[in-house]
1. If you go through the range 52-106, how many residues are small (Gly, Ala, Ser), open to solvent by less than 20 Å² (accessible area, probe 1.4 Å) and at pLDDT 80 or above?
2. Is it true that ARG121 is open to solvent by 30 Å² or more (accessible area, probe 1.4 Å) and under 22 Å from GLN41 (Cβ atoms)?
3. Please verify whether the range 153-163 includes one or more residues that are under 23 Å from SER63 (Cα atoms) and small (Gly, Ala, Ser).
4. Are any of the residues in the range 182-193 open to solvent by 60 Å² or more (accessible area, probe 1.4 Å) and either of a type in the set (Asp, Glu) or modelled with pLDDT of 85 or more (or both)?
5. Across the range 208-227, which residue is farthest from LEU245 (Cα to Cα) among those that are of a type in the set (A, V, I, L, M, F, W, C) and outside any helix (DSSP H, G or I)?
6. For residues that are among the small types (Gly, Ala, Ser) and either closer than 12 Å to LEU204 by Cβ or in contact with a Pro (Cβ under 6 Å, 6 or more places away or on another chain) (or both), tally how many sit in the range 215-243.
Amino acid sequence: MHTPISLARRTNNIIAYVTSPARLEQEDIHEEIMHTLQNLQKIFPSWVICTCRFMHQGFFYVSDNASELLGVDTASLANALQVEAYFGRMHHADIEDYSKGLQVVSEIYQEEDPEERHKLRFVFNYRMRHTDGRYIHLHDEKAMLRIRDNLNLYYMLLRDISHETPFTGVKMTCYKEGKRMSGYSASAEATSQLSPREHELLPLMKQGFSTKEIAGILGISHNTVRNMRQKLFQKFQVNNAIELLNRSAVMDAQGFPST
């Protein structure tokens, strides 16, 4: 079973793996680096810019728009971005899939030439609890900048995209110099695991047939259809048929494998 603690351990394992080149610590911070961070905020005004709390334990920087965009003040965000505390705010249904995304990150790091790792950028999409209690769809980019003398600055770009993009499941996409390398998609994985009967059921649900009508079309019992629907809800991590069909529609529009 995946928990915030298990995510923290997996994250720490990745951190331990990429400790070379050396990570910046407090004594390395100077005007040039602060200027770089401030310029990032000018380039991405709608994003919260912060140094990676996981990679840099000795210092922390967060842009002054954190409170406006995410509802978290700077002091609280510094504490909230501690590894276990951060994952404790993640939607419980996203933890296992996020862990699978981390596993792909780990595999990419192990295969990549250490001298090329600073060219990698990882984009995660998942749900995080806002301070007002609701869950937001978070776009989280993790990247690094080669500063000097084999020192890297690890930073994150965070943005609430709840009103822009419907959440269709946890995603992780890796880019290298702007080109997509690989990734993980919980929705695509769920679709690939559909049984032949489930592949038959989903289009009929989209067409608006009732459970009784679907049973007649497929030549199975009413209870069997209900059980199949319930399994689809579990696979796509939704609560009802409306959420399932909405997620399926978004996936079709985004080009995910469908029926």
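The values are calculated or read from the model by the stated rules, or taken from the named source; none is laboratory data. The shown structure was predicted, so the numbers you read here are calculated from the model rather than taken from an experiment. Heads up, the Cβs are rebuilt from the backbone with ideal geometry, glycines too, and the neighbour counts pull from every protein chain shown. For the accessible areas, the whole protein counts, side chains as well, though only heavy atoms, and no ligand, DNA or RNA atoms are used. Shrake-Rupley method; radii C 1.70, N 1.55, O 1.52, S 1.80 Å.
1. The qualifying residues number 4.
2. Details: open to solvent by 30 Å² or more (accessible area, probe 1.4 Å): yes; under 22 Å from GLN41 (Cβ atoms): yes.
Yes.
3. So the first thing to find is which residues in the range 153-163 are under 23 Å from SER63 (Cα atoms), and the list is 153-163.
With small (Gly, Ala, Ser) added as a condition, the list becomes 162.
Taking every residue of the range 153-163 in turn, at least one turns out to be under 23 Å from SER63 (Cα atoms) and small (Gly, Ala, Ser).
4. First, pick out the residues of the range 182-193 that are open to solvent by 60 Å² or more (accessible area, probe 1.4 Å): 192-193.
Restricting the remaining residues to those that are either of a type in the set (Asp, Glu) or modelled with pLDDT of 85 or more (or both) gives none.
No, because not a single residue in the range 182-193 is open to solvent by 60 Å² or more (accessible area, probe 1.4 Å) and either of a type in the set (Asp, Glu) or modelled with pLDDT of 85 or more (or both).
5. The first filter runs over the range 208-227 and keeps only residues of a type in the set (A, V, I, L, M, F, W, C), leaving 209, 214-215, 217-218, 220, 225.
Within this subset, residues satisfying the condition of being outside any helix (DSSP H, G or I) are 209, 220.
Working: PHE209: 13, ILE220: 22 Å.
If we take residues in the range 208-227 being of a type in the set (A, V, I, L, M, F, W, C) and outside any helix (DSSP H, G or I), then ILE220 is farthest from LEU245 (Cα to Cα).
6. Going through the range 215-243, the residues among the small types (Gly, Ala, Ser) turn out to be 215-216, 219, 221, 241.
Okay, now just the ones that are also either closer than 12 Å to LEU204 by Cβ or in contact with a Pro (Cβ under 6 Å, 6 or more places away or on another chain) (or both), so 215-216, 241.
Number satisfying all stated conditions: 3.
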